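Report on the structure given below.
What follows draws every value from the coordinates through simple rules; no lab data is involved. Predicted model only: the values in this text are computed from it and were never measured. When we count neighbours, we look across all protein chains shown, and the Cβ atoms used for this are built from the backbone with ideal geometry, even at glycine.
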Amino acid sequence: MKNPLIEGMIIPLLTSVHVVSVLIWIGGVVFVTVIIFPMILRMEDSMEKVMFFQGTEHRFAKIAKVCVLIVGLTGGLLVYLKGVLNAFFHKEGLYLTLMLFLWIVYLIVLTFEKKLFKIIFKGQAQHDTKKMFVRLTLFHWIVMLVSLFVVLFSVYQGHGGNF
Ligand code: HEM
C-alpha cells in the first residue's frame, strides 16, 4: 500500500537533496577542470603550480567528501523506499548502475587522495611539472565528462527516456 507521506514528501525531498549534492560536487569538478587547471597551466613557477593545486584541490576535496556522503545516503534510501533494488543491472535501471559505479570511483579517489598525491608529486613533479599537470588536466576532463554524462543519462532515463 502506498504511504502518502513517503510518496508525497520523503521521496521528493530525498531526491532534491540528492540532486543538490550532486550539483555542488560535479559543479565543483567542472570549475576545477575548466577554470583552475588552465590557470595552473599558465603559471611559470613549478612550486607555485604545485602549491596552488594542492591548496584548491585539498579545499574542494573536503566539500566533495561531504557531498559524496550525502549522495550515497540519500541514494541508498531512495533505492530502498522506491523498491528499485531489482532494477540494478537491468536495462531499465542502467542509470542506477551508472550512478553507483561513478559514486564508487569517486569514493576510492577521495579516500586514497593523500596517497595518490604523494605518488604523483614525489615521482614526476620534481622532473617535469608541466607534463604532470597536463596529465592531471586530462584525467580531470575524463572524470568531468563521464560525470556529466551520468547526470544527463540519469535525468533522461529517470524521466522515462528510452534508448
Ligand atoms: C550510491 C550511489 C547512488 C545511488 C544509490 C543513487 C540512487 C538514486 C535513486 C534511487 C534516484 C531516484 C531515481 C528515480 O527517481 O527514478 C536517484 C536520482 C538521481 N541521481 Fe542518484 N544515486 C547515486 C549516486 C548518484 C551520482 C554519483 C549521481 C551523479 C552523477 C547521481 C545523480 C542523480 C540524478 C541527477 C538523479 C535525478 C534523476 C531524476 O531526474 O529523476 N546519483 N539516484
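So which residues in the range 43-86 are under 25 Å from THR129 (Cα atoms) and within 12 Å of the chain's Cα centre (by Cα), if there are any at all? Passing the criteria: PHE60, ALA61.
There is no residue in the range 31-44 that is without any contact (Cβ under 8 Å) to a residue 24 or more places away in the chain, assigned to a helix (DSSP H, G or I) and either within 8 Å of the ligand (Cβ to nearest atom) or acidic (Asp, Glu) (or both). It is to be established whether one or more residues within the range 107-119 are farther than 24 Å from GLY160 by Cβ, within 15 Å of the ligand (Cβ to nearest atom), among the hydroxyl-bearing types (Ser, Thr, Tyr) and in a helix (DSSP H, G or I). Yes, the range 107-119 has at least one match. Scanning the range 137-163 for residues that are of a type in the set (Ser, Thr, Tyr), over 15 Å from PHE31 (Cβ atoms) and crowded, with 17+ Cβ neighbours inside 10 Å gives a single hit, SER154. Among the conditions (1) more than 10 Å from the ligand (Cβ to nearest atom); (2) in a helix (DSSP H, G or I), CYS67 misses just one, which is (1). Among the residues that make up the range 118-136, is at least one of them loosely packed, with under 14 Cβ neighbours inside 10 Å and within 18 Å of the chain's Cα centre (by Cα)? Among the residues of the range 118-136, not one is loosely packed, with under 14 Cβ neighbours inside 10 Å and within 18 Å of the chain's Cα centre (by Cα), which makes the answer no. Among the residues of the range 82-91, is there at least one that is within 28 Å of LEU13 (Cα to Cα), in contact (Cβ under 8 Å) with a residue 12 or more places away in the chain and part of a helix (DSSP H, G or I)? Within the range 82-91 (the criterion being within 28 Å of LEU13 (Cα to Cα), in contact (Cβ under 8 Å) with a residue 12 or more places away in the chain and part of a helix (DSSP H, G or I)), the answer is yes, since at least one residue qualifies.
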